[in-house]
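Asks: Once you've had a glance at the structure underneath, I'll fire off some questions.
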Amino acid sequence: MQVTINGEARDVDAATLAELCDALGFGDARVATAVNGDFVSRTQRAERQLQADDRIEIVAPRQGG
């Protein structure tokens, strides 16, 4: 199915947000996630089903200043 990840259209096989994070190499990383503008906590990612055309944001914290 096609989704948009951080502004880029991509074809993915993941059924849940947790599966997508794992597939992208973010499985154990501390990242913030949102689907269609709604924040999804780390504990809810396995339950959050993905749908075609979802807009997904994955943001890693940055240090510095």
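The values are calculated or read from the model by the stated rules, or taken from the named source; none is laboratory data. Fair warning: this is a prediction, and the values are worked out from it, not measured in the lab. So basically every Cβ, Gly included, is an ideal-geometry build from the backbone, and we count neighbours across all protein chains shown. Heavy atoms of the whole protein, side chains included, go into the accessibility calculation; ligands, DNA and RNA do not. Shrake-Rupley method; radii C 1.70, N 1.55, O 1.52, S 1.80 Å.
Asks: Which of [x] 5.0; [y] 4.6; [z] 8.4 is the computed mean projected area of the Cα convex hull in nm² for the structure on display?
Replies: Structure-derived value, by its label: [y].
Asks: Here's something else I'd like to know. Please give the length that would be gained between F39 and D11 if that part of the chain were fully extended, namely 0.36 nm times their separation in residues minus their C-alpha to C-alpha distance (nm, one decimal).
Replies: So the extension gain works out to 7.9 nm.
Asks: Expected output is a single nm value to one decimal: the length gained when fully extending between Q2 and I58, i.e. 0.36 nm times separation in residues minus the C-alpha distance. What is it?
Replies: Stretched fully, the Q2-I58 segment lengthens by 18.5 nm.
Asks: In addition: Ignoring ligands, DNA and RNA, what percent of the 1.4 Å accessible area of the chain is carbon and sulfur?
Replies: On the chain, the fraction of accessible area on carbon and sulfur atoms equals 43 percent.
Asks: Net charge around T4, counting only other residues with Cβ within less than 14 Å of its Cβ (Lys, Arg = +1; Asp, Glu = -1)?
Replies: Computed value for this residue: -3.
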